[in-house]
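So the structure is just underneath, and the comments pick up after that.
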Amino acid sequence: MSPRHSLRWWTSGNPYAPHLLILHGGPGGRSSVQHRTLTDPSRWHITQFDQRGCGESEPRGCCHDNGMDQTVLDIERLREHLGVTSWAVLGPSWGSTVALAYAARFPGVIDALVLTGLFIGTRADKSFLREGFGAPPSAWRRFTELLDPSERRDVPSAYRERIHDAQHPQHVSALHRWIAYDAARSGISLPMERVNGWLDRDLDGIVSSLKIESHYAANGYFLPDEGILGEVDGMQTPVLVVQGRRDTFGLSAAHALAEVLPGIDVKVVNAGHSALEERVQGGIRKALEAVRARAAATGD
């Protein structure tokens, strides 16, 4: 799909069932078997893939030729390669952003979007890393105290430099603080020993993931300050959202999305950000069944 990048993809489930693409979170995440638990594999022909530089795609952690435009085109090339006429798309977290961008640019090949843990890339979303908006003051103070005062004008870029350079004297400290600060978005306080354990078990994987994440953050997620909203305004693709109430960023995003897409179906459940939480997972399964029922009713 690219002279530089090679993407890992695979299919599973029922080959005679409707097609479902499952996108992973991030930026910098990876697809996993766990994502299949969000569906009934007997009811869907499932496709998953690791985005550029992510998971088992190669080169791991590579940020060259790696942005939203390339990711969206990769999805469409994968659809064409597989000979899929159209598919539903399930997008959790960062996957919701990618799903919306894909639907805006290739609406004719998407049956419906099912989204959760919304991230729409507005200026307010970006200001969590730029200015500490929505973060506990203590978490923001610890995140930024690593930087020189001049670097605090562009916090994501300062962290990108430290994360990408393994020889930087603050490389390891930057990894720790990025992970801990990202957890603060969901109200989670991570003990240092837990972060150390993760780094001990999979240092290369975590560094690769954070290289991608910091690359996207430093580039504003390759979205304008209105985020994805301008692209999807007036989009006709059916959109179903299952949003955790305790995920405050995602809940705000759901309200903002409903302003530009009045016809979307939003279900708010008593949960947080993760798609794997029981109530979110149950809501996703119901939404996917609604997609199948709608297709059957219209004869698609």
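List of remarks:
- Selection within the range 162-208: residues that are of a type in the set (S, T, N, Q), open to solvent by 30 Å² or more (accessible area, probe 1.4 Å) and not in a loop (DSSP other than H, G, I, E, B). The member of this set that is farthest from His64 (Cα to Cα) is Asn196.
- When restricted to residues that are buried (at least 17 other Cβ atoms within 10 Å of the Cβ) and either under 17 Å from Ser252 (Cβ atoms) or out of contact with any Asp or Glu (no Cβ under 8 Å at 6 or more places or on another chain) (or both), the range 221-230 contains 5.
- Taking strands (runs of 3 or more DSSP E) as the structural unit, those lying wholly within the range 1-85 and holding at least 1 residues that are closer than 24 Å to Arg285 by Cβ and of a type in the set (S, T, N, Q) correspond to 9-13, 45-49.
- Tally of residues being open to solvent by less than 60 Å² (accessible area, probe 1.4 Å) and either in contact with a His (Cβ under 6 Å, 6 or more places away or on another chain) or in a helix (DSSP H, G or I) (or both) across the range 253-291: 15
- Residue match in the range 139-158 (condition: crowded, with 17+ Cβ neighbours inside 10 Å, of a type in the set (Lys, Arg) and modelled with pLDDT of 95 or more): no
- The range 106-138, subset of a type in the set (Asp, Glu) and outside any strand (DSSP E or B), residue least open to solvent (accessible area, probe 1.4 Å): Asp125
- Flag if Pro238 is on the phi < 0 side of the Ramachandran plot, in contact with an Asp or Glu (Cβ under 8 Å, 6 or more places away or on another chain) and at pLDDT 95 or above: yes
- Members of the range 36-52 found to be in contact with a Ser or Thr (Cβ under 7 Å, 6 or more places away or on another chain) and of a type in the set (A, V, I, L, M, F, W, C), listed by number: Ile46, Phe49
- Any hit, the range 240-252, residues being open to solvent by 70 Å² or more (accessible area, probe 1.4 Å), within 30 Å of Asp165 (Cα to Cα) and assigned to a helix (DSSP H, G or I): no
- Filtering the range 71-84 to residues that are closer than 13 Å to His5 by Cβ and open to solvent by 60 Å² or more (accessible area, probe 1.4 Å) leaves Leu73, Arg77.
The values are calculated or read from the model by the stated rules, or taken from the named source; none is laboratory data. Just so it is clear, the model here is predicted, and its values are computed rather than measured. All Cβ positions, glycine included, derive from the backbone under ideal geometry; neighbour counts span all protein chains shown. Side chains are part of the model used for accessible areas, which takes the heavy atoms of the whole protein and leaves out ligands, DNA and RNA. Shrake-Rupley method; radii C 1.70, N 1.55, O 1.52, S 1.80 Å.
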